[in-house]
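Report on the following structure.
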Amino acid sequence: MRKAITGHKAVAEAMRQVEPDVVAVYPITPQSEIAEYYADYVHNGLVRTELIPVESEHSAMSACIGAAAAGGRVMTATSSQGLALMVEVLYIAAGLRLPIVMALANRSLSAPINIHCDHSDAYLCRDSGAVQIFTESAQEAYDYTLMAQRIAEDMRVRLPVIVNLDGFTLTHTVQPVDLLEDEVAKKFIGEFKPVHPLLDVDHPVTWGPFAMPDYYFELKRAQQAGMEAVPEVFLEVQREFSRVSGRNYAGFFEAYKAEDAEYVIVVLGSTAGTAKVAVDEMRARGIKAGLLKPWLWRPFPAWEIAEALKNAKAVAVLDRAFSFGTMGALFEDVASALYPLEKRPVLVNYIYGLGGRDTTVPDLVRVFEELPKIEKAEWALRYIGLRE
Amino acid sequence: MPSIKVLAEREEKRVRFTGGHTLCAGCAEPMVVRTVLNAIEDPVVVASPTGCLEVASSRFPATAWNVPWVHVAFENAAAVISGVEAAYKALKKRGLIDRRIRFVVFGGDGGTYDIGLQALSGALERGHDFLYVCLNNEAYMNTGVQRSSATPKCAAATTAPVGEVIPGKPQERKDLTEIVAAHGIPYVAQAAVSHLIDLANKVERAMKYEGPKFINVLTTCPLGWRTPRDSAIQQAKLAVETRYWPLYEVIEGRYKINYKPKERVPIEEWLKTQGRFRHLFRDPRGKELIAQIQAEVDRRWESLLRKEQCFGQEG
Ligand SMILES: Cc1ncc(C[n+]2csc(CCOP(=O)(O)OP(=O)(O)O)c2C)c(N)n1
Ligand code: SF4
Ligand SMILES: [Mg+2]
């Protein structure tokens, strides 16, 4: 069923089809409409979900943790400062191995306060233990919200999953989105299987104990094993989703004309759409340009990325946030991925699009034009669209 | 109302909180926890924020809890229980659960008066069906007796020490029970570990109401108050006798003082037994400070009496 809807609505529709037991959510631009749509579903009886209109994002994630530990399927959504406020408990959700799915409408972090898109919120929780997926379009945001549920709930994983969608660019623009029929989506999602739920009062369990140096390390190692299981599960879920949706998801990233590419841009989120146009323009000029757009960012599919980039001459990694004091987070991921190769492409890092700064096709064409001129890998930041 | 016999029988039969915890000898917290849990007949799910009770009861891989129990962080127990209760409602709607389960939080004063106040207020306003019990020992005990907004004026705390210039905590304690009552929830009470039957009765009365219920329990900490290990009950009793900690209820907005001490016992009687106030009896400024503490105790007591007069349960 094709509809012209915003990214918000696409995510909210996926949530409606999942119909979690509990949604605890707090408004923040540009996420609020997801909360509003969902409240609308609840107040009109379209879903049986218990909606908790919490008093903060910290409580949103805390209530999600309580509800998930109780044995419910739960979802939430946030952005920027809201994510910053909930990050303490996001780590705990991961530590408790709770399969909470969260849409993150990417927005810059203060100061200065700014409501527009960049990825500083996603980067803030990079090491939280949540799986992170980036999406390019409302369609992908919808699809991955459904897939995230399956990844999070897989018994090999049992971790929170964040589905990133660029604030405004994706959340607020109307795009054509193919929605699954409700029954198809519900069948794909399946029944939720709680593990040691609090509400099983005949089998009492202690959730969230404290652990001393004698056990903490092993418990965290077990959590890492959950992360390590994600790639396999991710591919399985993609395969099944492709089958039921007729769309084609295969792999940790989309490689656009990357096969024989000499010059490659690696970028997360909606800017990949712009980059595709730039790639086409370069190809028309006879330059072998390509694009790599990771869907899965955490865990980072380092081996596969290295494989995909190994024959390139130069690679520009674009980060939509500073990791102050060092290179961009995605750049460092890619640099680490390339390290084991004997012959590595020249690697450079561009910071772009902070606080909603537009990144245009000519901007990215310029990156492709610069790449052949760079002779050595750099450990210095370059910028796109910045006045200096 | 649950008699001692009933409480004891339940304790024998189903030990909800076992002795295998590591709370200090003489700590009042287990008495409050057991009394509350024994006063509830239905199955319970318990949540606790970070604090002495949590740390002392849940060291992995052991646990002192024989009921489902959850700890998430320091400031969010009320939000966590909101989620548990919402999931319960959702699963009930879907026919996956049919039994009645009750939800209880045991939170320290730090986790309730201070860092957890916002989450508490939110949960009260949203009307979740749960009982919140504040184990008020008047400081952050777990982390080394730092002051909280429940710490009484002049008490020595590690972040409000008795110095040459400032003698302990300069501020009065927050009146959280009244703040909670202002939320208009069905049941609010103050209790003390010295009056366990009163506490059990309160829990039983509270659990008759649907929605949020709150009981603020004065819970002696011999370590932080610097009192003998066998004095927890006596300490709390004196707090009630001096009217420092009135036992009262606000049921559907109606006030009832459960116990009115016949004699006016001066606050000194309570202060002088505790190491945290020792300086007041050595310092030349002590007399004046004690007079100030007394004046505030009197003011709060008078105010409570007037509330009972105006909004009493019979009125
Ligand atoms: C966000 C956060 N801030 C601070 C702490 C440190 N901390 C843990 S328990 C605690 C004090 C607990 O005091 P209270 O709630 O009164 O419980 P008690 O130990 O006195 O029973 C503090 C400050 C923490 N765990 N988390
Ligand atoms: S420090 Fe105080 S409250 Fe904590 S266990 Fe010891 S006596 Fe109990
Ligand atoms: Mg305390």
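The values are calculated or read from the model by the stated rules, or taken from the named source; none is laboratory data. Since this is a predicted model, take the numbers as computed values, not measurements. All Cβ positions, even for glycine, are placed from backbone atoms using ideal geometry, and neighbour counts span all protein chains on display.
Numbers at a glance
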item: Members of the stretch A:210-225 that are more than 11 Å from chain B (Cβ to nearest Cβ) and over 30 Å from the mean Cα position of the chain (by Cα); result: A:Pro213
item: Hits in the stretch B:29-54 (condition: away from every other protein chain (no Cβ under 13 Å) and either in contact with a Gly (Cβ under 6 Å, 6 or more places away or on another chain) or closer than 14 Å to B:Leu135 by Cα (or both)); result: B:Glu29, B:Pro30, B:Met31, B:Val32, B:Val33, B:Arg34, B:Thr35, B:Val36
item: Residue that is nearest to A:Thr169 (Cα to Cα) [pool: residues in the stretch A:17-37 that are touching a residue at least 40 places away in the same chain (Cβ under 8 Å) and more than 14 Å from every other protein chain (Cβ to nearest Cβ)]; result: A:Pro30
item: B:Gln171, sole failed condition from (1) part of a strand (DSSP E or B); (2) surrounded by fewer than 18 Cβ atoms within 10 Å (Cβ to Cβ); result: (1)
item: Considering residues of the stretch B:211-226 that are away from ligand 3 (no atom under 15 Å from the Cβ) and crowded, with 19+ Cβ neighbours inside 10 Å only, the residue farthest from the other protein chains (Cβ to nearest Cβ); result: B:Ile215
item: Enumeration of residues in the stretch A:333-342 that are touching a strand residue (DSSP E or B) at 6+ places or on another chain (Cβ under 9 Å) and over 14 Å from A:His119 (Cβ atoms); result: A:Val334, A:Ala335, A:Leu338
item: B:Gly163 surrounded by fewer than 24 Cβ atoms within 10 Å (Cβ to Cβ) and either in contact (Cβ under 8 Å) with a residue 24 or more places away in the chain or within 16 Å of ligand 2 (Cβ to nearest atom) (or both); result: no
item: B:Ser231, sole failed condition from (1) more than 16 Å from ligand 1 (Cβ to nearest atom); (2) of a type in the set (Ser, Thr, Tyr); (3) in contact with a strand residue (DSSP E or B) (Cβ under 6 Å, 6 or more places away or on another chain); result: (3)
item: Failed condition for B:Arg100, given (1) more than 9 Å from chain A (Cβ to nearest Cβ); (2) part of a helix (DSSP H, G or I); result: (2)
item: Test result for B:Ser57, within 16 Å of ligand 3 (Cβ to nearest atom), within 21 Å of the chain's Cα centre (by Cα) and within 11 Å of chain A (Cβ to nearest Cβ); result: yes
item: Residue check, B:Arg94 away from every other protein chain (no Cβ under 13 Å), in contact with a Lys or Arg (Cβ under 9 Å, 6 or more places away or on another chain) and among the basic types (Lys, Arg); result: no
item: Of all residues in the stretch B:103-149 being in a strand (DSSP E or B) and either of a type in the set (A, V, I, L, M) or facing chain A (nearest Cβ under 10 Å) (or both), the one that is nearest to ligand 2 (Cβ to nearest atom); result: B:Leu135
item: Residues of the stretch B:26-52 satisfying the condition of being within 15 Å of the chain's Cα centre (by Cα) and either free of Cβ contacts under 8 Å to residues at least 12 places away in the same chain or farther than 23 Å from A:Met61 by Cβ (or both); result: B:Cys27, B:Ala28, B:Glu29, B:Pro30, B:Met31, B:Val32, B:Val33, B:Arg34, B:Thr35, B:Val36, B:Leu37, B:Cys52
item: Pick from the stretch A:223-265, criterion of a type in the set (A, V, I, L, M, F, W, C) and free of Cβ contacts under 8 Å to residues at least 40 places away in the same chain, ranking: surrounded by the fewest Cβ atoms within 10 Å (Cβ to Cβ); result: A:Ala250
item: Qualifying residue in the stretch B:81-99 (condition: within 15 Å of ligand 1 (Cβ to nearest atom) and buried (at least 21 other Cβ atoms within 10 Å of the Cβ)); result: no
item: Those helices (runs of 4 or more DSSP H) lying entirely in the stretch B:1-92 with at least 1 residues at pLDDT 95 or above, away from ligand 2 (no atom under 16 Å from the Cβ) and closer than 21 Å to B:Asp198 by Cα; result: B:29-38
item: A:Ile113, sole failed condition from (1) over 18 Å from A:Thr271 (Cα atoms); (2) of a type in the set (A, V, I, L, M, F, W, C); (3) touching a residue at least 40 places away in the same chain (Cβ under 8 Å); result: (3)
item: Elements of type strands (runs of 3 or more DSSP E) in the stretch A:302-388, at least 3 residues being out of contact with any Lys or Arg (no Cβ under 8 Å at 6 or more places or on another chain); result: A:314-319, A:381-383
item: Any chance B:Ala78 is more than 7 Å from chain A (Cβ to nearest Cβ), among the small types (Gly, Ala, Ser) and either in contact with a helix residue (DSSP H, G or I) (Cβ under 8 Å, 6 or more places away or on another chain) or more than 15 Å from ligand 3 (Cβ to nearest atom) (or both); result: yes
item: Test: residue in the stretch B:160-173 that is within 14 Å of chain A (Cβ to nearest Cβ) and away from ligand 3 (no atom under 16 Å from the Cβ); result: no
item: Enumeration of residues in the stretch A:20-40 that are buried (at least 20 other Cβ atoms within 10 Å of the Cβ) and of a type in the set (D, E, K, R); result: A:Asp21, A:Glu33
item: Residues within the stretch B:31-57 that are of a type in the set (Gly, Ala, Ser) and away from ligand 1 (no atom under 13 Å from the Cβ), tallied; result: 2
item: Number of positions in the stretch B:242-272 that are over 21 Å from the mean Cα position of the chain (by Cα) and touching a residue at least 40 places away in the same chain (Cβ under 8 Å); result: 0
item: Residue identified as buried (at least 24 other Cβ atoms within 10 Å of the Cβ), touching a residue at least 24 places away in the same chain (Cβ under 8 Å) and more than 23 Å from A:Val25 (Cα to Cα) among B:Tyr140, B:Tyr132; result: B:Tyr140
item: Per-region count, the stretch B:143-159, residues surrounded by 23 or more Cβ atoms within 10 Å (Cβ to Cβ) and free of Cβ contacts under 8 Å to residues at least 60 places away in the same chain; result: 4
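Table: residues versus (1) under 29 Å from B:Lys92 (Cβ atoms); (2) touching an Asp or Glu at 6+ places or on another chain (Cβ under 7 Å).
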residue: A:His8; (1), (2): no, yes
residue: A:Ala12; (1), (2): yes, no
residue: A:Glu19; (1), (2): yes, no
residue: A:Glu33; (1), (2): no, no
residue: A:Tyr41; (1), (2): yes, no
residue: A:Glu50; (1), (2): yes, yes
